[in-house]
Every structure is written in structure tokens, then in C-alpha cells.
1. Work from the charge dipole of region 160-287 (Cβ charges, +1 for Lys and Arg, -1 for Asp and Glu, about the Cα centre) and give the residue of Ser237, Ile196, Leu171 farthest towards its positive end.
2. If you scale each eigenvalue of the Cα gyration tensor by 5 and take the root, what three semi-axes come out for the chain, rounded to whole angstrom and sorted largest first?
3. Could you pull out every one of the aspartates and glutamates with an alpha carbon less than 16 Å from that of Lys251, ignoring same-chain neighbours closer than 8 positions?
4. With a 1.4 Å probe and every protein chain kept in, tell me what percent of the accessible surface of region 10-204 is carbon plus sulfur.
5. Please compute the per residue accessible area over region 10-204 with all protein chains in place, 1.4 Å probe, rounded to a whole number of Å².
6. Hey, with R₀ at 35 Å, roughly what FRET efficiency would Arg367 and Phe291 work out to, going by the Cβ-Cβ distance, to 0.05?
7. If each of Lys281 and Gln116 carries a label point 7 Å out from its Cα toward its Cβ, how far apart are those two points in nm?
8. For Ile104, what residues show an amide H to amide H distance below 5 Å, using hydrogens built from the backbone and excluding near sequence neighbours?
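The values are calculated or read from the model by the stated rules, or taken from the named source; none is laboratory data. Predicted model only: the values in this text are computed from it and were never measured. All Cβ positions, even for glycine, are placed from backbone atoms using ideal geometry, and neighbour counts span all protein chains on display. Side chains are part of the model used for accessible areas, which takes the heavy atoms of the whole protein and leaves out ligands, DNA and RNA. Shrake-Rupley method; radii C 1.70, N 1.55, O 1.52, S 1.80 Å.
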Amino acid sequence: MSFEKLGIIKPLLNAIADMGYKHPTIVQRRAIPLVLAKSDVFATAQTGTGKTAAFGLPLLQRLRKPQEREGVRVVILSPTRELSMQIYEELKEYAKNMSINIMILVGGKDLEKQRQKLKSGIDIVIATPGRLIEHTEKGLSLKNVEAFVLDEADRMLDMGFTKDIRKLHPLLPKRHQTLLFSATYSEKVRKLSKLILKKPVFVETGKKNSTVDTINQIAYLVDTERKAELLAYLIGSRNYPQVLVFTRTKKSADELALELKKDGLKCGIIHGDKTKANRLKTLTQFKEGHFKVLVATDIASRGLDIEHLPYVINYELPSVAEDYVHRVGRTGRAGREGEAISLIDIYEKYDIRNIEKLIGEKIPQERVEGFEPDPTIRRKDVDEVKLKSEHKRSSEKRERQYNKNTSHVPTTIP
Ligand code: AMP
């Protein structure tokens, strides 16, 4: 299968050839014809599967026909400023041989300047929900929008944007196409899809909640207090060129960065307490290779597009199993190989089981020589019975939630 066979036009074919795309990815093969045919689409596609091009290319293609009416023709909503930037940069590359005006509307930039630019005739707007609402309140009309895209819808809902999406939806014309992309298939996403999609065609790429096949997953058992040391050892001894490291909290991200610094490893930190400008700057510096370790928390991790990122390390497992899928989706992007390493202590032994249940595969557990967990800690420090019952309760709760969320699995397009 080639992009040409999917009906993609020459200006776009030339642009993606320049970017080195040879064949469409699965989600592109499935979604492109549907988007061109103006169907509503509900796609469960993880980040790194090429979903931006899956909606971006066919929408750009549709926009080559001049508009009959004035105003914005495509709105792409994304949860974070970083992801919006990536979509913007990607679409601009795809559209470089066409005359289509694309604009990004995210917070932290001058609203008035954005308003002036909008007046110059913008075809595609890529926005975070809050900023788009601000613009509509100041007069931006969405009444001629032909296509509405929600990218990473699950994360948008997790971040509390449900109300904003409900507010924006009635501002769109009755007849418009909606494309919903989500990495996971949660109850919240299902509810939203009922509200905003009309006779959608489901595109399910791979197992739901599965990790990408090209990612090698492994867990190293280690004592809590030796995690930082093991991390520094792995990075140093294996000569990892660049690593994205996840922590569960902002506090442990800061503490870990300090520890690594002591070991002579320069790191960047991305978490919710950092300003947007700072997060963006850190990401750019990481991409440019100013430092080899980027420590991030879950919310901030969404929307980070780092090409060829070979290693993701879970310094701590996420508290929500679905976040594991998002985290490891940072590596192995677009068919490339990647490795996801989790450092797990005795407290996380049960969390990893929940993750394994969710992704439907076993993550091999190993010990690193010299960092083997102290076998006495189990008896000394951990009240095993209490721990087990606590975890059992929370894992049962999570399991019930998961089963509820996935009780109606959408049909897959053959
Ligand atoms: P996405 O899932 O949209 O975030 O895309 C992940 C990465 O894959 C981006 O860096 C894209 O530029 C790249 N990509 C998308 N489609 C293809 C393709 N067909 N071939 C090679 N790389 C691609």
C-alpha cells in the first residue's frame, strides 16, 4: 500500500516524500480514505502511530478546494500546548506545497495579536480548548467549520476539558465532520463520542490499550532507595544517548534530578509546576541534545514528540495503569525500535500486575547485578498482609473500572 494508492494528491506526496515517509502506517491506511469520504471517525490510536498524518493529510487535501464561505474551516483540539505545537509543525511541513493558512491558538501568547492574525483568513486552527473558547467569546465564529478533530481525546478529558468541549460543540455548524482520536478507550471517551459523533466508523489499530509492538519492555527489581543509583548506572554503563525518565510526582521529579546531578548527569525537568514557556524551552533543549536525561511527570509527558527516542525509563510506575501505555508510547514511534524500562520496588509489584492485565502481556522482571533487592527488606519493612490487602482492594477497583470501560469494544475495520 502506498500513499498514492490511498488517493493522496501530488503536493502532499512530494512533501511527505521529503520527510522520508515511504509507506502509510496502519492508522493512516485505515483513516485516510474515511476522512476523505467525510465520515465521522472514532480511532483508537496510540501516540507514535502516525495519527497526525492520518487526519492531517486528508484534511489538507480536502482544503485544496477554495472555500465558498468565510472563516475557519478546520479546528483541531489538543490537550497541551506542546502537542498543539507538534501538530502545527507537522501540518505546516505537509502543506508546504499548498496555499493553506494554518494557525496555532494556545495560551501564553498575546490574545489580541492572535485575533488580528485570525482576521487575515485562516483555514486551519490548532488549539487548546481554553484558548479557543476565549477567542469564540471575543467573536471568533466557528459556523463554517467543515471538520472538527479531537486529538488525544482521552487525555483532554482526564485533564478536565469535558466542559470546554461541550461548550465548543454547539458553536459548530450542524453539518460538519468530527474525528476523534484517543489512545485508550475509556468510559469518558465513549460518553463523549456518543455526544459528538454521528454514525462514526471505528478504526481500532492494534489491541485496545496495547503497547506498540516494536517496544521492548522490561522491569528491573530494585530497592526504593537504590533506584536513582541504578538509573545513573544504567545510563552510564549502557551509554544511553538520550533517555526520558518518568516519575509519579513533581516532588520526586525534582529530587531525582538533584540526585542525578550529583552523579554528573545533567537533566531537564518537565512537570506541571514549570511554566509553559519553560517546559517548551526544556523540550527544545533536550531535542537539541543539551542534556541526555529528561525527567517528566505524566501530565507533562503527553504531547512530547521526540524523534528516534530509543529509551523510556519508568523511575516509578504510574498510579493509573493507562498512563503506562502513554509513557512507553514515547519510544518505538512510527515502527522504530524502542526500549521501555521500569524500575520497580516491592511496593510496585502489584501495580505492574495491573499494567500487565491492561496491556494483555507479561513484562519480564529481572535483577541487575549489584542492585539486587535486599531479601530481608520484605520481612523487615513491609507489612506484607496489609500491603497485599490494600493493593488487592485498589486493583479490584481498577479492574472493575477497566471492565466497565471496555465492555463495549468497537468493531474493527477489516
Ligand atoms: P504521531 O503518531 O502523529 O505523533 O507520529 C509519530 C511520528 O511518526 C512523527 O514524528 C511523524 O513525523 C512520524 N510519521 C508519521 N507517519 C509516518 C510514516 N508513514 N512513515 C514514517 N514516519 C511517519
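1. So the residue furthest toward the plus end is Leu171.
2. Numbers: eigenvalues 299, 106, 85 Å².
Over the Cα atoms of the chain, the ellipsoid semi-axes are 39, 23, 21 Å.
3. Hits, sequence-local ones excluded: Glu225, Glu259, Asp273, Asp298, Glu316.
4. On the way: 4210 of 8270 Å².
Carbon and sulfur together cover 51 percent of it.
5. Working: 8270 Å² over 195 residues.
That works out to 42 Å² per residue.
6. Values: r = 29 Å, r/R0 = 0.82.
The pair Arg367/Phe291 has a calculated efficiency of 0.75.
7. The modelled label-to-label distance comes out at 2.5 nm.
8. Distant-sequence amide H within range of Ile104: Ile126.
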